[in-house]
1. Let me check I have the definition right: for the range 70-159, take the eigenvalues of the Cα gyration tensor, multiply each by 5, take square roots. What are those semi-axes in whole Å, largest first?
2. Among Leu190, Leu40, Leu153, whose mean-square fluctuation peaks in a Gaussian network model of the chain (Cα, cutoff 10 Å)?
3. Would you please classify the overall shape of the range 37-91 from the alpha carbon gyration tensor, given that a ≥ b ≥ c denote the square roots of the eigenvalues, rounded means a/c under 1.5, and beyond that prolate means a/b larger than b/c while oblate covers the rest?
4. Loop only per DSSP, at most 12 neighbouring Cβ atoms within 10 Å: give me the GluC sites (Glu not before Pro) in the range 29-127, ordered by residue number.
5. So for Met159, Met233, Met212, fewest C-beta neighbours within 10 Å to most, what's the order?
6. What whole-number volume per residue, in cubic angstrom, does the convex hull of the C-alpha atoms of the chain give?
7. Only sites in a loop by DSSP and with at most 14 other Cβ atoms within 10 Å count here; which trypsin sites (Lys or Arg not before Pro) in the range 27-127 make the cut?
8. Which of Leu81, Leu133, Leu169 moves most in a GNM of the chain, Cα contacts under 10 Å?
Amino acid sequence: MSARPDLDALQCTLDGEVAIVRLRRPAKRNALSDGLILALRHTFEHLPDGARAAVICGEGEHFCAGLDLSELRERDAAEGLHHSRLWHSALDAVERGRVPVVAALHGAVVGGGLELASACHIRVADDSAYFALPEGSRGIFVGGSGSVRIPRLIGVACMMDMMLTGRVLDADTAERAGLVQYRVPAGQALDKAVTLARRIAANAPLTNYALMHALPRIAEQPADHGLFTEALMSAIAQAAPEAKARLHAFLEGRADKVRKT
Ligand code: 1HE
């Protein structure tokens, strides 16, 4: 892979304890060039020290138009394999990094853009968002972990439909399908995502880490293994000084109660 990280195409700023990572190729609808994928991996591997949660969003009218098709030159099988593995490593850096990531989605969330959104831990979509997997019509296949992550969210049948028929999901349908967790009016996805990220940042870091790293693995383990992993994780989490301090705060009436919304 000869490309270098295109750090101009990605901006990372720290807002309090929330890192805001913005795709910045609006003229190309934030299409993911090799340089941008490398920048994404670099950024999530080196988030600012103070970050306890992150938000990813796109500049301009769309979240992301997927793979930069202008780079889809003749590749032999080995190059294609390395290209796909590059995407896997970048999206793994998002999903299996240090802090939870909230995707703020608007406009087109297509192809590799949907693969990227699927690597995040929570998805917020505004009314303008639409979701598609046009790989089928481009004569290619998903290569950025979509075949693993997307069916976990919406099932094989829904992904099969999107890829075979070119079906485009609007924000309503995507919410019903389980692809997005929050729906907001057009233009409000980023604000909502930052609000959620601030809430996430207030959790004990070890709890967030356990959720990101243990929960998806437990979901893939046989029940007996999952229960054992759960017991190990819960033992480690409850022993942390921060957990003890939070329990004392509740028992002494200094912590928030759970309230009906
Ligand atoms: C691009 C790309 C791109 C736009 N690669 N240059 N993804 C797709 O098949 C989606 C292709 N894109 C579109 O369907 C549309 O561009 C959108 C629905 C996303 C946006 O439409 P619109 O009308 O706002 O923009 P536009 O006029 O189509 O595009 C503006 C410019 O962005 C134009 O370039 P210009 O130089 O003529 O101004 C477009 O060529 C350029 N552009 N999308 C390159 N994707 C790891 S495997 C993942 C596999 C995939 O992701 S396959 C799906 C690829």
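We did not get these values from a lab; they are worked out from the coordinates using the rules stated. A quick note: this is a predicted structure, and the numbers were derived from the prediction, not measured. Every residue, glycine as well, gets a Cβ built from its backbone with ideal geometry; the counts of neighbours run over all protein chains shown.
1. Working: eigenvalues 98, 56, 30 Å².
Ellipsoid half-lengths, sorted descending, are 22, 17, 12 Å.
2. Result for the chain, Cα springs under 10 Å: Leu153 fluctuates most.
3. Numbers: a/c = 3.71, a/b = 1.56, b/c = 2.37.
Here the range 37-91 falls in the oblate category.
4. On the way: sites: Glu45, Glu59, Glu61, Glu71, Glu74, Glu79, Glu95, Glu115; in loops: Glu59, Glu61, Glu74.
Sites meeting the loop and neighbour criteria: Glu61, Glu74.
5. Values: Met159 23, Met233 20, Met212 17.
In increasing order of surrounding Cβ atoms, one gets Met212, Met233, Met159.
6. Numbers: hull volume 38.8 nm³, N = 261.
Residue-normalised Cα hull volume stands at 149 Å³.
7. Working: sites: Lys28, Arg29, Arg41, Arg52, Arg73, Arg75, Arg85, Arg96, Arg98, Arg123; in loops: Arg29, Arg52, Arg73, Arg75, Arg96, Arg98.
Sparse-neighbourhood loop trypsin sites (Lys or Arg not before Pro): Arg73, Arg75, Arg96.
8. Result: Leu81 has the largest fluctuation of those listed.
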